[in-house]
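All remarks here apply to the structure that follows.
The values are calculated or read from the model by the stated rules, or taken from the named source; none is laboratory data. The structure displayed is predicted, hence computed values, not measured ones. Methodologically, a virtual Cβ is constructed for each residue, glycine included, from the backbone with ideal geometry; neighbour enumeration extends over all protein chains shown.
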Amino acid sequence: MFQQFERRIGRLRQGGAALLLRDGLIGLEKESLRVEREGSISQKPHPRALGSALTNPYITTDYSEALLEFTTPPDRDVAATLGFLRESHQFVYQHLDDELLWATSMPCVVKGEASIPIARYGRSNRGRMKTVYRRGLGYRYGRVMQVIAGVHFNYSVPEGFWPVYQELLGDRRPLRAFIDEQYMGMVRNLQRFGWLIPYLFGASPAVCKSFLCGRGASSLRPFNETTYYEPYATSLRMGDIGYQNSKEEGVGIKANYDSLAGYIASLRCAIETPSEQWAEIGILVDGEWRQLNANLLQIENEYYSTVRPKQPPNGMEKPVVALGSRGIRYVELRSLDVNAYDPLGVCEPQLRFIEAFMIFCLLNESPVIACEERGFIDRNLLEVAHRGREPGLMLHSVHGKQRLRDWASRLLDAIEPVCDLLDVGNPDGVHLATLMVQRAKVEDPDKTPSARMLEEMRREGEGFYAFARRMSCLHKQHFDSHPLCPTRRAFHEEVARRSLREQQRIEADDELPFAEFLQRYFDERLSGRA
């Protein structure tokens with residue numbers, strides 16, 4: 001099944017070029033809800049001591065004012081990446097007073113849609129646009145779905161690897177075209193094999209009943225008086241109770257992953273095509289902007305997917321323009337649940353494995369995804385999210401039905417040479433060690449995080465809320481007992497002050513009425529630092 005991958009990595013090894021892959025850049029985006037002591041979503045504004053949510057590059061907010069997002073700078077060293085994430089958590093906890101950072105992806109003690117404050121970014125046009133976009137998401141899909149937290153893993157192939165790899169493959173196109181094609185191949189394989197991530201790392205097999213806000217529980221079963229669950233679920237966050245564009249009848253979106261040009265064209269179509277359903281919401285109603293527009297997608301970020309090709313935009317540059325102008329810089333894997341067992345929500349063995357997994361997806365053969373396979377990919381992800389630990393579970397592929405356990409074992413066998421490569425010069429063998437841990441989970445589903453959570457809940461006689469709150473309190477104790485050192489605290493304080501000054505500059509420079517600002521943005525007439 002993976003013969004081409006084996007040939008490619010063998011040739012890379014022979015020429016010594018494989019060692020270049022050890023210099024890939026890794027970054028994280030980790031979301032955490034700020035909650036009151038009892039677990040309800042905080043109603044307090046984003047702490048000013050953390051800086052501006054609009055311009056702080058490391059600590060910002062996602063959908064809600066209470067949904068913190070931690071971003072790490074790209075780094076070649078996984079340990080350094082986690083070290084920076086740890087510093088950010090320490091800094092935040094020094095300014096949270098009596099609040100907690102919720103330890104799981106799924107929120108609890110949800111007191112209806114109105115209990116979820118939409119993020120605010122100041123009075124600038126840029127800040128208003130971010131808030132209006134989020135208000136539109138709330139009208140379209142509901143606010144509750146938007147406060148599910150996750151971890152995004154960003155990976156960039158070493159620049160020095162590309163010309164060597166292109167020469168090995170005998171490709172004669174311009175280098176950027178080659179890079180874009182290879183990244184899109186990685187994206188397709190991450191979709192094909194992406195069900196492996198929720199199986200191995202899924203940590204949301206249960207939800208607080210309040211999360212459904214009185215709606216029916218569909219296939220979920222009662223665990224106790226406060227909790228719904230599924231016996232073999234791995235990641236309900238990635239299941240059909242999570243946020244998906246495809247759930248909305250008549251407004252389902254599917255991007256084209258055949259090529260970067262196809263991907264850009266499909267997103268452009270979605271952000272420029274009017275939707276009768278979204279038009280019923282209205283845009284500017286009684287002086288309030290309800291959404292940015294009434295198109296299938298307000299902006300590209302509204303498109304939900306487990307993986308995205310990315311190019312950082314310059315200023316107010318649209319993401320599709322950035323991709324079209326400069327190609328793909330990195331790939332974002334978005335299917336990782338918050339790890340309730342680690343104070344950071346993610347741990348080093350997870351990151352080591354995902355790094356190897358992404359390199360495998362780069363080097364493996366990656367034909368375009370036909371309509372039938374697209375159906376298989378979507379179905380497999382849902383099946384694993386809801387039933388991943390079910391004995392004998394069968395998944396679908398172009399090669400026919402395959403038992404999850406067998407397919408996962410073959411994938412881990414194929415990934416082993418990548419782990420071996422990444423461990424060259426490292427006597428600890430950290431990549432091979434984490435591969436052994438993942439193999440154990442395939443052999444015994446009870447070793448997965450989702451199974452451990454349910455077993456612990458049963459053993460402790462607690463529902464999901466009680467488990468999540470207990471872990472959140474333990475994590476707070478951890479950070480309270482490990483405060484940030486003065487030097488690094490000073491660094492984060494200066495970043496926060498600088499971000500507040502930058503927000504003030506942006507607000508002072510605004511001259512356009514908001515409606516004209518939006519028109520120029522969608523007409524692609526905004527750029528730079530605006």
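Of note:
- Selected residue [more than 18 Å from the chain's Cα centre (by Cα), charged (D, E, K, R) and under 26 Å from His475 (Cβ atoms)] from Arg389, Arg374, Arg379: Arg389
- Per the listing Ser219, Ser246, Ser210, the residue uniquely out of contact with any strand residue (DSSP E or B) (no Cβ under 9 Å at 6 or more places or on another chain), at pLDDT below 95, surrounded by fewer than 17 Cβ atoms within 10 Å (Cβ to Cβ) and not in a loop (DSSP other than H, G, I, E, B) is Ser246.
- The number of residues in the stretch 427-472 being touching a helix residue (DSSP H, G or I) at 6+ places or on another chain (Cβ under 9 Å) and within 30 Å of Gly16 (Cα to Cα) comes to 10.
- Sole residue being closer than 20 Å to Gln4 by Cβ and surrounded by fewer than 22 Cβ atoms within 10 Å (Cβ to Cβ), chosen from Pro367, Pro349, Pro313, Pro391: Pro367
- When each of Leu292, Leu260 is tested for being crowded, with 18+ Cβ neighbours inside 10 Å, over 21 Å from Arg128 (Cβ atoms), of a type outside the set (Gly, Ala, Ser) and in contact (Cβ under 8 Å) with a residue 60 or more places away in the chain, the lone residue that passes is Leu260.
- Given (1) closer than 24 Å to Ala451 by Cβ; (2) surrounded by 20 or more Cβ atoms within 10 Å (Cβ to Cβ); (3) out of contact with any His (no Cβ under 9 Å at 6 or more places or on another chain); (4) in contact (Cβ under 8 Å) with a residue 24 or more places away in the chain, number of the condition Asn380 does not satisfy: (3)
- Options Ala233, Ala177, Ala149; residue that is within 17 Å of the chain's Cα centre (by Cα) and either surrounded by fewer than 21 Cβ atoms within 10 Å (Cβ to Cβ) or part of a loop (DSSP other than H, G, I, E, B) (or both): Ala149
- Selection of the stretch 497-519 for residues being among the hydrophobic types (A, V, I, L, M, F, W, C) and closer than 27 Å to Ile271 by Cα yields Ile506, Leu512, Phe514, Ala515, Phe517, Leu518.
- Residue count for the stretch 383-415, restricted to those that are outside any loop (DSSP other than H, G, I, E, B), in contact with a Ser or Thr (Cβ under 9 Å, 6 or more places away or on another chain) and either hydroxyl-bearing (Ser, Thr, Tyr) or in contact (Cβ under 8 Å) with a residue 24 or more places away in the chain (or both): 4
- All of Gly122, Gly127 fail the test of being modelled with pLDDT of 95 or more, surrounded by fewer than 22 Cβ atoms within 10 Å (Cβ to Cβ) and part of a loop (DSSP other than H, G, I, E, B), apart from Gly122.
- Unmet requirement for Ala114, which otherwise passes all of (1) buried (at least 19 other Cβ atoms within 10 Å of the Cβ); (2) in contact with a Lys or Arg (Cβ under 9 Å, 6 or more places away or on another chain); (3) not polar (S, T, N, Q): (1)
- Test for Leu54: is it buried (at least 19 other Cβ atoms within 10 Å of the Cβ), within 19 Å of Glu507 (Cα to Cα) and in contact (Cβ under 8 Å) with a residue 40 or more places away in the chain: yes
- Sole exception among (1) buried (at least 18 other Cβ atoms within 10 Å of the Cβ); (2) over 26 Å from Glu516 (Cβ atoms); (3) out of contact with any Lys or Arg (no Cβ under 7 Å at 6 or more places or on another chain); (4) among the charged types (D, E, K, R) for Glu332, by number: (3)
- Odd one out for Leu526 among (1) under 28 Å from Ser325 (Cα atoms); (2) surrounded by fewer than 16 Cβ atoms within 10 Å (Cβ to Cβ); (3) in contact with a Phe, Trp or Tyr (Cβ under 8 Å, 6 or more places away or on another chain): (2)
- Among the residues of the stretch 152-211, those that are among the polar types (S, T, N, Q) and either out of contact with any Phe, Trp or Tyr (no Cβ under 6 Å at 6 or more places or on another chain) or under 16 Å from Ala356 (Cβ atoms) (or both) comprise Asn154, Ser156, Gln182, Asn189, Gln191, Ser204, Ser210.
- A search for C-beta distances below 6 Å between a residue of the stretch 79-96 that is in contact (Cβ under 8 Å) with a residue 40 or more places away in the chain and closer than 14 Å to His482 by Cα and any residue that is outside any helix (DSSP H, G or I) and hydroxyl-bearing (Ser, Thr, Tyr), counting only pairs 6+ apart in sequence or on different chains, returns Leu85/Thr72; Ser88/Tyr58.
- Among the residues making up the stretch 258-283, a single one is of a type outside the set (Val, Ile, Thr), farther than 23 Å from Arg374 by Cβ and touching a helix residue (DSSP H, G or I) at 6+ places or on another chain (Cβ under 8 Å): Trp278.
- Matching entry among Pro107, Pro73 (being without any contact (Cβ under 8 Å) to a residue 60 or more places away in the chain and either under 17 Å from the mean Cα position of the chain (by Cα) or crowded, with 22+ Cβ neighbours inside 10 Å (or both)): Pro73
- Across the stretch 272-325, the number of residues qualifying as part of a strand (DSSP E or B) and among the aromatic types (Phe, Trp, Tyr) comes to 1.
- Unique match (being over 20 Å from the mean Cα position of the chain (by Cα), modelled with pLDDT of 90 or more and assigned to a helix (DSSP H, G or I)) among Arg7, Arg13: Arg7
- Test result for Glu516, among the acidic types (Asp, Glu), at pLDDT 95 or above and within 14 Å of Ser52 (Cβ to Cβ): no
- With respect to being crowded, with 23+ Cβ neighbours inside 10 Å, modelled with pLDDT of 95 or more, under 23 Å from Leu351 (Cβ atoms) and in contact with a helix residue (DSSP H, G or I) (Cβ under 9 Å, 6 or more places away or on another chain), Leu68 fits the description.
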